[in-house]
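For reference, the structure is listed below as structure tokens.
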Amino acid sequence: MRITVLGGCGAWPAAGQACSGYLVEHEGFTVLLDPGCAVLPALLARLPPDAVDAVLVTHGHPDHCADLSPLLRARVLGPTVTDALPVYAPQGAVDAVLALDSPHLLADAYDLRAIADDSRYEVGPFRLTTRALPHHVPNLGMRLTADGVTLAYTGDTGPSPDIAVLADSANVLLAEATFVEETPVDDRAYLSTARQAGEYAAAAGVGRLVLTHLWPGTEPNAAADAARHAFNGPVDIAGPSLSLTP
């Protein structure tokens, strides 16, 4: 399994960067996990649009799904004829994005597959397991496993014991860490800190922690140091140059 970060900005893309977007590849099968704002240009710098075999969406905020629209346009209007792209998302999560174009244009572009909490799916060579985690809108944390290697991804989440359940013994935990040490009062039930991500990584016994969704302007070293208060394993920041083969 290879994991490549296309973007990891929270809320909006910083200059020259993208919001949440990750490629997960195994045995020639490519999953795009969360096509957030500005992810498509980062993807196209590496792969043509028809190289994506499936899209997974954790929730319906634009920094996690907005670039599904231009991805589908690139596949439909580009020179290569493509099959319908399987899109796995919580019920209703991508309705607004898909409504940006006429139904006629995208009629054969995608195959929307609703996914639910605490369920299992087969996505190419991957086994996908889902778990609902608390956020401002319905959000599904995802666990992808292939050939004994596991990536756990929180999407966006507030504090929950289910994070450690989702990430149990995972090789890599990709964890939302919008804030460094303290979350503003209004968001405490719905977003997390780097320190909390480190605590969940330690509780789950993961091999590596990757912090993502940092608020633009956050000092990455400060976030990594906060996570290391509880987690003794490797800690990375989800930047556009990060690629891992667990």
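The values are calculated or read from the model by the stated rules, or taken from the named source; none is laboratory data. Remember, it's a predicted structure, so these values are computed and weren't measured experimentally. As a convention, Cβ positions derive from the backbone with ideal geometry for all residues, glycine included, and neighbour counts pool all protein chains shown.
Structure notes:
- Within the stretch 196-246, the set of residues being of a type in the set (D, E, K, R) and under 18 Å from LEU166 (Cα atoms) comprises GLU199, ARG208.
- Search result, residues across the stretch 64-113 that are modelled with pLDDT of 95 or more, among the hydroxyl-bearing types (Ser, Thr, Tyr) and farther than 20 Å from ALA42 by Cα: TYR88, TYR110
- PRO184 fulfils the conditions (1) within 23 Å of GLY16 (Cβ to Cβ); (2) surrounded by fewer than 19 Cβ atoms within 10 Å (Cβ to Cβ); (3) at pLDDT 95 or above; (4) not hydrophobic (A, V, I, L, M, F, W, C) except for a single criterion, (1).
- Qualifying residues in the stretch 134-157 (those that are surrounded by fewer than 21 Cβ atoms within 10 Å (Cβ to Cβ) and not hydrophobic (A, V, I, L, M, F, W, C)) - the one farthest from ARG120 (Cα to Cα): HIS136
- Complete set of residues in the stretch 61-86 that are out of contact with any helix residue (DSSP H, G or I) (no Cβ under 7 Å at 6 or more places or on another chain) and either of a type in the set (Ser, Thr, Tyr) or surrounded by 17 or more Cβ atoms within 10 Å (Cβ to Cβ) (or both): HIS61, ASP63, HIS64, ARG73, PRO86
- Restricting the first member to the stretch 126-152 and to residues that are under 17 Å from GLY92 (Cβ atoms), and the second to residues that are among the hydroxyl-bearing types (Ser, Thr, Tyr) and surrounded by fewer than 18 Cβ atoms within 10 Å (Cβ to Cβ), the beta-carbon pairs closer than 7 Å and six or more apart or on different chains are THR130/SER119.
- Checking ARG113, ARG131, ARG127 one by one, the residue that is surrounded by fewer than 18 Cβ atoms within 10 Å (Cβ to Cβ), basic (Lys, Arg) and out of contact with any Lys or Arg (no Cβ under 7 Å at 6 or more places or on another chain) is ARG113 and no other.
- Residues within the stretch 197-225 that are surrounded by fewer than 24 Cβ atoms within 10 Å (Cβ to Cβ) and closer than 15 Å to PRO159 by Cβ, tallied: 4
- Residue in the stretch 1-29 that is surrounded by the most Cβ atoms within 10 Å (Cβ to Cβ), counting only those that are in contact (Cβ under 8 Å) with a residue 24 or more places away in the chain, over 30 Å from ASP187 (Cβ atoms) and not aromatic (Phe, Trp, Tyr): MET1
- Condition check for ARG75: free of Cβ contacts under 8 Å to residues at least 40 places away in the same chain and among the basic types (Lys, Arg): yes
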